[in-house]
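See structure below.
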Amino acid sequence: MDKFIVSARKYRPQNFSTVVGQQHITTTLKNAIVNNQLAHAFLFCGPRGVGKTTCARILAKTINCEHKTKDGEACNVCNSCISFDNGTSLNIHELDAASNNSVDDIRTLVDQVRFAPQAGDYKVYIVDEVHMLSSAAFNAFLKTLEEPPPFAIFILATTEKHKIIPTILSRCQIFDFKRISTQDTVDHLQEICDKENIQAEPAALHMIAQKSEGCMRDSLSILDKIVSFTGGHITYTNTLEHLNILDEDYFFTLLDNMQKQQLSDALVLFDSIIQKGFEADTFLEGFAEFIRNLMVSKDPKSVALLDVADNFKARYLKLAQEVLTGWMVAALNILSDASVGYKQARNKKLFVELALIKLCYLQQAIEISQSGEVKKKITATHKAVQFKSLVPFKMKEPEAISKKETELPAARLMVQEEPAPSIVATSEVIHAESSKGGSTLKGIKEKIKQQRLHTQQKPIALNPEVLQNVWNEFTQKLSEAKNHSAASNFKSAQLTIDDEAHFNIICNSALQQKFIEKERPELIDFLQKSFNNNSLSYTCVLQELETDEEEEKTLTKKQQYQLLATQYPQIRLLKEKLKLDLE
Ligand SMILES: [Zn+2]
């Protein structure tokens, strides 16, 4: 059996023309070699695994080749080329700045630069990950980079160009390496498979290329792994399994479930994905990517952005025509929110399930909003703000209007204590509630009508006798309700009539006034009904006698108690029951 060599090494390009996906760079370099216009320092920038070091080595080999081809390629047969290929050439020095980033490392390198090559034309110094050099090391390097001996060539490589100081950038010829496209990677992988007699399904190679994200080195190492894992038969299924990638079929099924609002099917499918060992966030990302692919498939202009295996393309294009763009945008929003919140979520599975539930009902939400029904639903489910209804001011008969009324409008605003009907703003809600009876608009109208009929009967004018009778009746009611303190205060109150619709209640103390005012809602209602006059009102007047006040101040504790006890019999009761004593 042959010694196993990893594909990345075995198939490392030996000349510029075999470098994948960087034609813009290899062409420029070849032209520079042919025209003998080589710079002293190069800076190769770009993502990892796209061929920076490979190109640097090919360049080193080519410029030292004894028999360069006409188009600027190495011959690969001369002594120099062979020593380069075997890694024995003394004209190439590689320094990994990631692990050798001190000033001393650079000084050692700079010291070597002084010596001319023993064979060949150029000594090439490759400094990988050059952005890792310390600033002191950069400074130590500057002088040499500026005035190198004619036989020295520097090739600096970096993945992070923005970290390179401007003084270095200005001394180098800069080459930006591109990410290798999926298709270029697939083609290269296919070429290797053909050479190695490996059977590979194109969809599997596409998946490998996608997984490696433009890094050829990664794609080759994945290929190696899967080859040893499957014994040379690379299929879509075993590649999925090996790469721990979710089958796109899952997403097609899931989307179908969502379009049909089959929530339980969607949840069961998600559970089976979790059971297979996939993380819920991998699922979220995968599904978002799927929706994104679907979205770019919708418009012929963006179809070029669809980066999926050829055998899936037709399915995407067909499905895209069946799904609303609005749905896809909303779905991407839900998935993006879910991805953001995922890390904080305690119950990860439940969290993702919630997103799935939203997605399942998304279609319905969109349909409803488009048909305008959603408006109706929202207003129907939201209860209108409830207000206490105020009975409107009655138009008074001219003779009843008096000076007092304008002074005391408050007493006339009667707050109705009955179940408050809801005042509603939209006709739909009124319509919806009209069947409920009592508190509906219809009901209110009916009530107002009855009240009008009621008031059409002539009101009874106030007169002392009737008023006192009504007053006593109310006091009686208070006693019956065991509201004795109020009753006794009502009993001792004096009434004076102002006119047909207004009277005064004369109170001897603030306390009495308080007791009477406390009963205002019931009292005014009782009075208005008794006199059949909704505009009847009263004022509670406090009549404090100065002499009484003086007297009170000089009362002893015992006198105070006796005074209180006559006014409030309960105090005496309380004193006796609790066996209290005066001090
Ligand atoms: Zn050669």
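The table below gives the values:
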item: From the options T108, T144, T88, residue that is within 15 Å of the ligand (Cβ to nearest atom) and of a type in the set (S, T, N, Q); result: T88
item: Selected residue (criterion: nearest to I226 (Cα to Cα)) from residues of segment 172-199 that are aliphatic (A, V, I, L, M) and more than 42 Å from the chain's Cα centre (by Cα); result: I198
item: In segment 91-105, residue nearest to the ligand (Cβ to nearest atom) [restricted to those that are part of a helix (DSSP H, G or I) and either at pLDDT 90 or above or charged (D, E, K, R) (or both)]; result: D105
item: Residue match in segment 151-159 (condition: within 21 Å of R57 (Cβ to Cβ) and of a type in the set (S, T, Y)); result: yes
item: Residue match in segment 112-131 (condition: away from the ligand (no atom under 16 Å from the Cβ), at pLDDT 90 or above, in a helix (DSSP H, G or I) and closer than 29 Å to S221 by Cβ); result: yes
item: Helices (runs of 4 or more DSSP H) (entirely within segment 508-583) containing at least 3 residues that are at pLDDT 75 or above and either in contact with a Cys (Cβ under 7 Å, 6 or more places away or on another chain) or closer than 20 Å to Q494 by Cα (or both); result: 510-518, 520-530, 557-567
item: Residue that is nearest to F251 (Cα to Cα) [pool: residues in segment 298-346 that are among the charged types (D, E, K, R) and surrounded by 12 or more Cβ atoms within 10 Å (Cβ to Cβ)]; result: R315
item: Residues being within 16 Å of the ligand (Cβ to nearest atom) and aromatic (F, W, Y) - total across segment 9-65; result: 1
item: Segment 561-583 residues that are surrounded by 15 or more Cβ atoms within 10 Å (Cβ to Cβ), paired with ones that are polar (S, T, N, Q) and part of a helix (DSSP H, G or I) (beta carbon under 8 Å, 6 or more apart); result: Q567/S488; Y568/S485; Y568/S488
item: Test set (1) outside any loop (DSSP other than H, G, I, E, B); (2) within 25 Å of the chain's Cα centre (by Cα); (3) without any contact (Cβ under 8 Å) to a residue 40 or more places away in the chain - N257 fails condition number; result: (3)
item: Residue tally, condition more than 9 Å from the ligand (Cβ to nearest atom) and either under 58 Å from the mean Cα position of the chain (by Cα) or outside the structural domain of K30 (by TED's automatic domain parsing) (or both), over segment 74-85; result: 1
item: Condition check for C78: in contact with a His (Cβ under 7 Å, 6 or more places away or on another chain), of a type outside the set (K, R) and farther than 27 Å from D187 by Cβ; result: yes
item: Pick from segment 134-160, criterion modelled with pLDDT under 90 and over 28 Å from N36 (Cα atoms), ranking: surrounded by the fewest Cβ atoms within 10 Å (Cβ to Cβ); result: S135
item: Near pairs, Cβ below 6 angstrom, 6+ apart or cross-chain, from segment 159-185 (part of a strand (DSSP E or B)) to any residue that is hydrophobic (A, V, I, L, M, F, W, C); result: Q173/A39; Q173/F42; I174/L43; F175/I25; F175/F44; D176/C45
item: Selection within segment 212-231 - touching a helix residue (DSSP H, G or I) at 6+ places or on another chain (Cβ under 8 Å) and assigned to a loop (DSSP other than H, G, I, E, B); result: S212, G214
item: Failed item in (1) in contact with a Ser or Thr (Cβ under 7 Å, 6 or more places away or on another chain); (2) hydroxyl-bearing (S, T, Y); (3) within 25 Å of L133 (Cα to Cα), with S99 passing the rest; result: (1)
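The values are calculated or read from the model by the stated rules, or taken from the named source; none is laboratory data. If you're wondering where the values come from, they're calculated on a predicted model, not measured in any experiment. A quick note on method: Cβ atoms are made from the backbone with ideal geometry, for glycine too, and the neighbour counts reach across all protein chains shown.
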